[in-house]
Each structure stands twice: as C-alpha cells, then as structure tokens.
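Here is the structure we will look at, set down as structure tokens.
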Amino acid sequence: MPMKPTKFWGSLLTCFSVLTLLASPLSASDRAEPYLLVQTEVARGSAVHIGEGYAITAAHVINGASKIIVVSTAGTRHVADVIAVSYEQDIALLRVRYPDKLDAIPLACDADPPVGLEIEAHGNPRTANFVTTYGRVSSEVQEIATWKHVFLSDVRVDHGMSGGAAVSNG
C-alpha cells in the first residue's frame with residue numbers, strides 16, 4: 001500500500017478538482033518544464049511536477065499500472081512510483097525518480113478561482129504531446145458528489161489530458 005506523505009497529500013485532496021488543479025501563474029520562460037506525459041502499460045495521460053520529485057495525476061491514468069514512466073517536455077524520461085491514490089477523488093501522487101531536471105509549479109489552493117478567470121489546460125491528448133488549451137473558469141467552486149473542490153471551465157479537455165494542470169495565466 002502506498003504511503004501518504006502529509007506534506008503534499010492533505011492539501012492535494014482539498015485542492016484537486018475533477019480533471020485538473022489550479023496552479024499559480026508561471027513566467028513565460030517557465031511554462032513548459034513542470035508538465036509531464038504519463039505512460040503506463042495500458043494508458044497515457046498527463047501530470048504536473050509540484051516539487052521535490054512529487055507529481056500529481058488523475059488516479060484513473062495510473063490505475064493498476066505496475067510501471068509508470070513520465071516524460072518531460074524536454075524529452076527526459078523518468079520512472080515514477082505511486083505514493084498515494086484516492087480513487088474517490090481521482091487523484092494520484094507520484095514520486096519521480098531522479099527529478100533533477102524538472103521544474104516545479106506551485107499549487108494555488110489558498111483562494112478559489114473567480115468566475116471569468118483566464119486559465120490554460122496542459123496535457124497530452126490522444127497522440128499529441130504537450131498541448132495547451134485556453135478558456136475561463138465558468139462557475140464558482142462547489143462540491144459535486146465525492147469531489148470537494150470543483151470548478152467548471154470552458155477549457156477544451158480531450159482524452160489524454162486527464163491529470164494535467166489548469167494554470168491561471170493572470
């Protein structure tokens with residue numbers, strides 16, 4: 001059974017939404033490196049490196065995988081281990097081995113995103129890698145079913161973008 005590191009796990013469970021998290025804005029030069037492609041034996045998806053070798057993705061992306069590889073936008077490949085999973089909230093915390101060349105993106109869980117906030121979603125839809133789509137937050141944060149912190153947006157999210165970040169660009 002995976003361990004649950006309290007430094008990240010507790011805040012992730014309250015911060016993570018259905019498909020994405022809202023992360024802090026990055027400067028233009030930092031936009032690419034925290035975003036990851038996740039590959040398993042049977043699936044692919046997206047993740048984001050949040051620091052100290054930890055990455056988050058959707059639980060259904062790594063569901064039952066015995067081998068997880070994450071690939072950075074620079075093409076570096078890293079083995080990742082599952083540290084914690086909540087299938088109820090569809091979130092997984094990964095530990096990336098040897099993450100020395102990965103930038104991190106800070107979580108922004110201290111305030112709810114306002115309706116109308118411009119955001120960008122980062123992911124790896126279908127056979128495309130490292131795609132960015134744009135939109136706005138279209139509802140206030142709410143609780144839907146088992147998800148405690150959900151907001152809706154008009155950002156296009158396609159198959160394979162699960163687990164990627166939604167980033168405020170303002």
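The values are calculated or read from the model by the stated rules, or taken from the named source; none is laboratory data. Only a predicted model underlies this, so the values are computations on that prediction, with no experimental measurement involved. Note: ideal-geometry Cβ built from the backbone for every residue, glycine included; neighbour counts use all protein chains shown. With ligands, DNA and RNA removed, areas are computed over all heavy atoms of the protein, side chains included. Shrake-Rupley method; radii C 1.70, N 1.55, O 1.52, S 1.80 Å.
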For this session: Kindly check whether there is at least one residue in segment 17-31 that is at pLDDT 50 or above, open to solvent by 20 Å² or more (accessible area, probe 1.4 Å) and either within 17 Å of Phe130 (Cβ to Cβ) or not polar (S, T, N, Q) (or both).
Result: no
Within segment 64-79, of all residues that are in contact (Cβ under 8 Å) with a residue 24 or more places away in the chain and touching a Ser or Thr at 6+ places or on another chain (Cβ under 9 Å), the one farthest from His122 (Cα to Cα) is Ser66
Scan segment 54-62 and tell me whether some residue there is over 12 Å from the mean Cα position of the chain (by Cα) and not in a helix (DSSP H, G or I).
no
Every listed condition ((1) open to solvent by less than 80 Å² (accessible area, probe 1.4 Å); (2) farther than 16 Å from Val157 by Cα; (3) of a type outside the set (A, V, I, L, M)) holds for Thr133 save (2)
Selection from segment 92-108 of residues in a loop (DSSP other than H, G, I, E, B) and farther than 20 Å from Ala166 by Cα yields Arg97, Tyr98, Pro99, Asp100, Lys101
Of the residues in segment 35-55 that are more than 17 Å from Lys101 (Cα to Cα) and touching a residue at least 60 places away in the same chain (Cβ under 8 Å), the one that is most open to solvent (accessible area, probe 1.4 Å) is Arg44
(message) Please verify whether Ala74 is open to solvent by less than 20 Å² (accessible area, probe 1.4 Å) and either touching a His at 6+ places or on another chain (Cβ under 9 Å) or at pLDDT 85 or above (or both), treating the condition exactly as stated.
(response) no
The condition from (1) in contact with a Gly (Cβ under 9 Å, 6 or more places away or on another chain); (2) under 17 Å from Ala58 (Cα atoms); (3) part of a strand (DSSP E or B) that Thr132 misses is numbered (2)
